[in-house]
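Worksheet: one structure, shown below.
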Amino acid sequence: MEQSRAEGFDGFVAARWSALFHLSRLLVGGDRHRAEDLLQDAMVKLWFVWPRIAEEAPEAYVRKVLVRAAARSARRRWWGERPVEQLPDLPETSDVSAAVVERSRLEAALAQLPARQRAAVVLRYYQDLSERQVAEVLGCPVGTARSHASRGVARLRRLLSDVIEPVG
């Protein structure tokens with residue numbers, strides 16, 4: 001029984017890790033290391049409830065754990081970084097595609113949103129969840145989730161508007 005549990009869990013992780021990591025990264029504003037930590041913590045929590053959740057909706061469970069963990073993480077003032085006397089060498093700049101630059105700009109803009117707005121925008125428009133599903137994950141009424149998403153998108157438009165030029 002334990003072997004089939006492990007195989008099912010391993011299969012889920014292998015199939016969904018990349019998408020869940022990207023979600024986690026968006027929820028924490030682009031910080032790859034925090035995103036990895038959050039996702040690993042979420043997977044540990046999933047392992048313990050796997051027998052109950054496996055046949056239902058393991059991805060929805062992980063999504064909810066990630067959103068809550070990202071919100072808790074956003075309230076923390078310190079994540080364990082330590083200052084050093086000398087900065088590390090900067091990587092060599094090379095030809096970077098426009099898509100990578102745009103994705104980086106979007107991640108930076110997302111990082112400036114409050115945690116609940118960021119979560120609502122990512123769940124609604126990246127994960128393509130309905131307003132009702134976003135509200136369930138955030139644990140709030142549908143109107144509040146809609147408001148968070150709307151305000152988040154409006155703020156993103158303001159933050160990213162310096163590049164948008166009128167046509168005509």
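No value in this document is a laboratory result; all are computed from the given coordinates. This is a predicted model, so every value here is computed, not measured. Because the Cβ atoms are built from the backbone with ideal geometry, glycine has one as well, and the counts that use them run over all protein chains shown.
Things worth noting here:
- Across the range 118-164, Cα-Cα pairs farther apart than 15 Å form 38% of the total.
- Label-reachable residues, the range 17-36, where backbone N falls under 18 Å from a point 7 Å from GLN112's Cα toward its Cβ: 26-31
- Compared with the alpha-carbon gap, the fully stretched path from VAL49 to HIS22 is longer by 7.4 nm at 0.36 nm per residue.
- Point-to-point label distance, GLU59-ALA15, nm (Cα→Cβ direction, 7 Å offset): 0.9 nm
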